[in-house]
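Encoded as C-alpha cells, here's the structure I'll be asking about.
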Amino acid sequence: MDPFLDEPQKEEGGFDPREMLRLFWRRKWLFIIPFILCFSMAAVVIKTMTPIYFAPGQLHVTLRNSETRLLNDPSRQYGARQRDIERRMREEIALLLFDPAFLEGVVRDLQLHMDPQWLGPQDPEKPRTEAKAIAMAGGKLRKRLRMEPTGTSLFDIGVLHENPDKAFSMGQFVINRFIEEFRASQVAQRSETRDFLEGQLEDYQQDLVKAEGELNEFMTGMAASTLLGGSVNANNLALVEENLGRLRTRHNGPDRSELARVEQDARALVGNAFSVGTYGSEPHVAAMVREMRDLILDSMFLPADDSSFDDLQTRLGLLRVRLNSQVEELVLQDYPNLGFMDRNQVGQFVFLSLSRQANQWVISQIQGQIKAFRDFTTQQPAQSARLAELQDRVDAARELVQTLQEAVTQQTMNLEASRSMIGFQVKLRKKPSYPEFPIEPNKMKLLLMGFALSLCLGGGLVVLAIFMDRSFRSIEQIENTLGVAVIGTLPVIVDDHFEMKKKRRLMRWATMIVGVIAVAALFFLVIYPRLG
C-alpha cells in the first residue's frame, strides 16, 4: 500500500487537535528536512566565515550651555529637546568620521595604501597610482569603520579587521585622531566666522571714512555755511524735535513750578538780595554746568531705547549729584549760621536754578539748529537734498560698522568660550581594549536564526501541503462532501499511472529540498553578512 495514502478514519465534527497532530506527523519530513538543512547551513557559515574582530573606544559627547546672554546658547541652534540634541550629536560625529579628508589622513598616517594585505594583490599589468591606492584604501576603511550609539551621549567607534592586533591598533589610532580633529573643528568654525567678519569690518570702516570725508567736504563748502557746527539733519530732525518738546514741556511746567516754590522758601531765609550768579561763576561749578549742558545736548540726538542714551543719563545723574554736593559746600561757607534743613533749602534753590540755566541753553541751541536746517532746506533745496543723501550714507555706514563690531566681539567671546568647554565637547570615556573573541560569526545568533528560519520554512511547507491536499481521507468525508452514498470500495492497484504519480511526488520533494537549500544559503551567505 502507498504509505502516503491516508488510512480510513471516522469523520468528526469541529477542530480535532489529535487529527491536526496526525496530519503534521504524516508530513514530518517536510519539517525535519528544512530544520536539518538550516542548521547545517548555519554550521557551514560558522566554520567557513572569516573571524572579524572589533576593538571600539567609547566617546562621551556633551553639549555645554552658557547662562549668559553674551554668548550663543548652543541649545537654541540644535534644539531644546534631548532627542534633537542626540540626533545632532550623531550627525556631527558621522560627518567628521566619514569625511573623505579624515579618511585620507588616516590612510596616509597608517600607510594603508601601501599595505598589500589591506588592498589585496595588485595586477602587474595595471599598477595602481598613489591617488588610486589612497582612494581604494579610504573606501575600504569607510566600510570597516563603525560608529554605534551605546547610550545617552555615548558612542563606540572602532575598525573591523580580521587580525585582532590590527583591529586594536587601528581602533586606538582612529579614535584618538577623531577626538583631536573634532575639537579643532569646533574652534575652527568660529575662528573662520570671526576672520570673515573682521575682513568685512575693515571694508565697511573704509566706506565710513570715505562717506564722512565726502560729507565734511560738502559741509565746508559755501552751500552749507549756514549749517556749520549744527548736528540736526533730515534723518534725526523728527527725533530731535520730539526730545526738544519733552524737554521744553518739563522746563516750562514742573521744573518752573518747583523752582518758584523753592525760591520763595530760600529767599525767606537769606533775603531778596541773594544772587545765584555768584555760585554759577565759581570755576568748579561753572565747569560742571558746562559738562551738564553738553550731556543734555548729546542726549537730544539719541532715542530713549538706545544704550548710549542710558549711559548719558547715568553720567548726567552722577554729575548732578556732584554739582549738588559742591553747591551745598559753598552755601555752608557763606551761611554757616543756618541749620542743616535751611542750608538744604538754599542749596536746592541754587542747584535748580543752575539746572534750568543748562536746560535753557540746550533749548536755545537746539531751536537755533532746527531753524538753521529748515532755512537751509527752504532756500537751497538742491544742496539740502545732496546733504541728506550724504548724511544717509554716513549713517548707514556707521550703523553697519557698529553692527559688525558687535558681531566680531560676540564671535571672539564665543571662540574663547569654545576653548573653555562651551558647545559640543568630546572626551574619551573608555579606551579600546584588546579583542579576545571575534564579533563575527556570532554562533548563538546564527543558531537562533537557523532555528527560527527552519520553523518558518518547515511549518509553512506542512501547512501548505495540508491546505493543498484535495484527497478524501474517509468514506464519511466522501459522502458528506459529494452527497452520495458509497456502496463499495476497491483495493489500490499499483500500475504505471501510480508509478508516474510517485515519481512526480519525489520530484516535488526534491524541488522543495533544493528550494530550502537555496533560501538558507541566500539568508546565511548573503543577507546575514549584510545585516552584520
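Rounded to the nearest 0.05, what FRET efficiency is calculated for Lys431 and Glu125 with R0 set to 35 Å and r the Cβ-Cβ distance?
The value I calculate is 0.20.
Quick check: residue separation of Ala465 and Glu19 times 0.36 nm, minus the Cα distance between them. What number comes out in nm?
Contour length minus Cα-Cα distance gives 159.1 nm.
By its C-alpha gyration tensor, with a ≥ b ≥ c as the square roots of the eigenvalues, how is segment 82-168 shaped: rounded for a/c under 1.5, else prolate for a/b larger than b/c, else oblate?
Because a/c hits 1.5 or more and a/b exceeds b/c, segment 82-168 counts as prolate.
With r defined as the distance between the Cβ atoms of Tyr335 and Leu237 and R0 fixed at 41 Å, what FRET efficiency is calculated, to the nearest 0.05?
0.30
Could I have the simple spin-label model distance between Ala485 and His60, label points 7 Å from Cα toward Cβ, reported in nm to one decimal?
9.0
Using packing as a proxy for protection, rank 240-250, 358-368 so that the peptide with the highest average count of other Cβ atoms within 10 Å comes first.
Packing proxy ranking, top to bottom: 358-368, 240-250.
Enumerate the amide H contacts of Thr150 below 5 Å, restricted to partners 5 or more residues apart or on another chain; note that Pro and chain-start residues carry no placed amide H.
Residues meeting the criterion, in which the H sits 1.01 Å from N, are Phe155, Asp156.
Could you run the Karplus curve 6.51 cos²θ - 1.76 cosθ + 1.60 with θ = phi - 60° over segment 163-175 and give me ³J(HN,Hα) per residue in whole Hz, x for Gly and Pro?
Karplus values, whole Hz, x for Gly and Pro: 9, x, 5, 5, 4, 5, 5, 5, x, 4, 5, 5, 6.
For Leu447 and Arg504, FRET efficiency with R0 = 45 Å and r from the beta-carbon atoms, rounded to 0.05?
0.80
Another question, then. Could you check the simple spin-label distance between Gln111 and Phe173, using points 7 Å along Cα→Cβ, in nm with one decimal?
The modelled label-to-label distance comes out at 1.0 nm.
Quick query: amide H of Phe54 versus all other amide H atoms, modeled in the peptide plane; which residues come in under 5 Å with a sequence gap of 5 or more or a different chain?
So Phe54 has HN proximity to Ile439.
Could I ask something else about it? For Lys502, give me every one of the aspartates and glutamates with a C-alpha distance below 20 angstrom, ignoring sequence neighbours fewer than eight places off in its own chain.
Asp2, Asp6, Glu7, Asp469
Taking a ≥ b ≥ c as the square roots of the eigenvalues of the Cα gyration tensor of segment 266-334, is the shape rounded (a/c under 1.5), prolate (a/b larger than b/c) or oblate?
prolate
Bear in mind these aren't lab numbers, they're just calculated from the coordinates by the rules spelled out. Keep in mind the model is a prediction, meaning the values are calculated, not measured. Here Cβ is always computed from backbone atoms with ideal geometry, including for glycine, and neighbour counts include all displayed protein chains.
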